[in-house]
Structures are given as structure tokens and as C-alpha cells.
Amino acid sequence: MTFLPHPSVIPYTIVHSSDIALLLAFGFIYEIAVCLYRHSNERRTSHERKVKIHLAALRYEAAKKRALGPAAFVETSKLERAVLATEKEVAKLKAAREARIARSTKLIKKCNLLTNVVVMLMYFGVALLAIDGSRIIDENISSNDEIISDVERAATFWKGLFFPLTYHGMGYKISQFGIESGMRTSCVGALAVFWAARTTSGQFFECSLKWVSR
């Protein structure tokens, strides 16, 4: 028995299981590819890491020579010049990485927009899963004797099924664009399925990355 009661059978009137599975798989693969591409551009290159390590070593040696006083003036001056040159190289590498991140961010935004448009056009006006309000018993929804329509019954069932999740944001409304108005409150569009897969796989990638980098 679950903490929140849910029906054992969902009274759906439309379900495109193959398309749902396809969009979930596509969303998962697409988001993993985006995360890998973003991570490869955000992380420091091996050359940048080596230069940072070299800079830390130079600073340590310069501090040691500086502590010896005037007797090590020549060596200290050479090390300080080397530190300044290495710091300039580190700054150049950081600027190049930031420019690379900016370019990758723009490219990801364009790809996301293009992918969303393609998914929307391919499934325009198609509800991948819709609830049949006529198959829902009234007392499972309301304890009073009020008579409600099948659309209202289906909408109430849908909200209860996904409680406490909310699907009333702008993104959810966009994902239902083109679907028949009487079904919008109790159905799932293609973009919602695609975005759900992306969100889940994105969180999975971030958790895996944190676990590996511990």
C-alpha cells in the first residue's frame, strides 16, 4: 500500500506507448550528449591543469628564494618574472575556456530550440496519453452529489494522479499546443514526455559526475 493512494488501472482513452518509449529514449540520449558536450567544454584541459600546477610550483620557489633576502636577489627576480609570464598564460587559457563555454552555450540553445520545434511539428495536435472521464466513478473524485462532466472528471483524476507534481506552467501549456481543448487538462503531449526524459537523464548525469569526482 502506497502513502498516496493511486488507482491500479488508469482509465485512459488514448495511449501511444511506442511513441512514448521513443521520445523517452530520444530525450535520454539527447540530454546525455548535451551534458557530455557541455562538460567537455567547461572543464580545464590537461595543458591548463599542467600550467596551473607549474604556476603553483613557481610561486612556492619564489617565496622560498624571497625568504633568503638580498643574497638570492637574482634567483628571486628570475622566478618572479617566470611567475608573471605563467600567470599571463593562465589568464589566456582561462579566457579561451570562457569563450569556448560561451560558444557551446549558444550552440546548445540553438539545438534545443530546433529539437523542440521538430518534436512539436512531428506530434502536433497529438495527445500521447489521455484520460477517459466516462470510465471514472464519481465517488472516487468528489464526495458530494454534484454532477460534473467527463472533461472535469478526467481533469480532476489527472491532477490527483500526479499530485504533488504540477503541470500548469508555461512549458506544459506549450507542450499541449495544438491538442483539442477538451483534452488539454487531462493528457500529455510529446514535448512533456521529451522534457521529462531530458530532466531525469540530466539529473542522473549530474549525480554520476559528482559521485565520480568525489
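The values are calculated or read from the model by the stated rules, or taken from the named source; none is laboratory data. For clarity, every value in this text was computed on a predicted model and none was experimentally measured. So basically every Cβ, Gly included, is an ideal-geometry build from the backbone, and we count neighbours across all protein chains shown. What goes into the accessible areas is simple: the full protein's heavy atoms, side chains included, and nothing from ligands, DNA or RNA. Shrake-Rupley method; radii C 1.70, N 1.55, O 1.52, S 1.80 Å.
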T86 fails exactly one of (1) touching a residue at least 24 places away in the same chain (Cβ under 8 Å); (2) more than 32 Å from the chain's Cα centre (by Cα); (3) open to solvent by 90 Å² or more (accessible area, probe 1.4 Å), namely (3)
Within the group I20, I14, which residue is among the hydrophobic types (A, V, I, L, M, F, W, C), within 30 Å of C187 (Cβ to Cβ), under 35 Å from the mean Cα position of the chain (by Cα) and not in a helix (DSSP H, G or I)?
I14
Scan R59, R44, R38 and give me the residue that is outside any helix (DSSP H, G or I), open to solvent by 70 Å² or more (accessible area, probe 1.4 Å), touching a residue at least 24 places away in the same chain (Cβ under 8 Å) and not aliphatic (A, V, I, L, M).
R44
Scan region 16-35 for residues that are open to solvent by less than 50 Å² (accessible area, probe 1.4 Å), of a type outside the set (S, T, Y) and closer than 17 Å to L107 by Cβ and report the count.
4
Would you call K109 of a type in the set (K, R), modelled with pLDDT under 90 and either loosely packed, with under 11 Cβ neighbours inside 10 Å or part of a loop (DSSP other than H, G, I, E, B) (or both)?
no
Checked region 62-79 for anything in a helix (DSSP H, G or I) and open to solvent by 70 Å² or more (accessible area, probe 1.4 Å); matches are K64, R66, A67, P70, A71, F73, V74, E75, K78
